[in-house]
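For reference, the structure discussed in these notes is given below.
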Amino acid sequence: MRGSVSNGFRGSICVDFPVQPVKIYSNLEKIELFQNGKWLGVQNTNKGVAVWNVPFVNGRNFLFAKGVNEKSGYEDGIEINFEIVPLKLNQNKNKDFELAVNVGSNCFFIDPINNTTWFPDQEYKMGGFGYLGGEVYRSSEIRIGHQSEVNLTRNVPLYQTFRFGLTDYKFDVADGEYEVELHFSDLESKTQKSIYDLNDKEDISKELSEFNVSINGAKVLEEFSPAKQYGALNAIVKTFVVTAKGLKGLTISFEHIKGNTLLNAIKIRRLN
């Protein structure tokens with residue numbers, strides 16, 4: 001802990017009951033935590049960590065931690081602008097609704113500059129969001145993603161994970177106009193034995209990925225090849241404005257031509 005207040009960031013989560021664990025790291029024995037001025041109690045640290053289950057509220061959440069010690073001045077705080085997203089996306093009528101997904105990853109990713117929280121990837125369930133088909137890229141049996149540097153972005157970890165071979169990504173959102181942001185970065189090569197397995201020691205034959213992308217049946221990218229058109233390991237962002245209507249939500253479809261379909265991240269934002 002330190003004696004200053006941190007900058008705020010925007011967070012969001014798809015839950016019915018928005019109670020989330022918050023970890024505070026300190027070399028003090030005990031920490032007390034406040035949320036928007038409400039005392040949440042005192043916790044003992046265990047190996048330098050104290051954990052609270054915090055009942056977040058929609059909007060501003062100011063978390064203030066204070067060390068319980070004979071000395072004063074050990075305190076820290078952070079403001080989190082929290083958006084509670086219902087599990088059934090079409091129940092969200094918020095015109096500022098935004099949902100960002102860290103595709104191919106099982107972790108949240110926070111962009112501190114844009115104050116955006118990217119959700120972990122998940123399989124599609126009716127009423128919610130998620131992928132249909134494909135596999136998470138693994139550089140080994142126990143490691144998700146790759147460690148290669150990605151160019152043209154400050155959010156390198158966001159592009160080091162991806163899903164390949166997917167057919168669709170769906171969001172069962174309410175009717176309205178949306179901005180859809182697709183993020184790509186291709187590793188460029190594949191093996192004959194195992195798709196995108198960089199540890200494979202057999203001969204590698206290069207086959208650049210090429211595919212079509214459609215949103216709600218309308219083709220938005222034709223014969224799209226990230227590595228061929230933009231170079232391998234370069235971050236690419238494609239943005240489209242589309243309309244969800246007839247309670248059908250948004251379906252982003254990937255049609256294989258050669259190599260593999262792939263997606264690193266996706267964000268949707270309601271415009272009206």
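For the range 116-189, the dipole from Cβ point charges (+1 on Lys and Arg, -1 on Asp and Glu) about the Cα centre works out to 320 debye, to the nearest 20. Positive contributions from Lys and Arg (+1) and negative ones from Asp and Glu (-1), summed over other residues with Cβ under 11 Å from the Cβ of PHE62, come out at +1. Sorted ascending by nearby beta carbons within 10 Å, beginning with the fewest, TRP52, TRP39, TRP118 become TRP39, TRP52, TRP118.
Largest first, the three principal axis extents of the alpha carbons in the range 58-103 are 52, 24, 16 Å in whole numbers.
Per-residue Cβ neighbour counts within 10 Å put SER185, SER148, SER253 in the sequence SER148, SER253, SER185, beginning with the fewest.
Just check the range 63-155 against the gyration tensor rule for me: Cα atoms, a ≥ b ≥ c as the square roots of the eigenvalues, rounded for a/c under 1.5, and otherwise prolate or oblate depending on whether a/b exceeds b/c. In terms of gyration-tensor shape, oblate.
A quarter of the convex hull surface defined by the alpha-carbon atoms of the chain gives 16.2 nm² as the mean projection. For the range 86-270, a crude dipole built from +1 on the beta carbon of Lys and Arg and -1 on the beta carbon of Asp and Glu, taken about the Cα centre, is about 480 debye to the nearest 20.
So what is the calculated 222 nm ellipticity per residue for the chain, using -39500 (n - 2.57) for each DSSP H run with n of 4 or more, over all residues, to the nearest 500 deg cm²/dmol? Rounded to the nearest 500, the figure is -500 deg cm²/dmol.
Bear in mind that the values in this text are calculations on the coordinates, not laboratory data. Please read all numbers here as calculations on a predicted model, not as lab measurements. Counting neighbours? That spans all protein chains shown, and the Cβs are built from the backbone with ideal geometry, glycine included.
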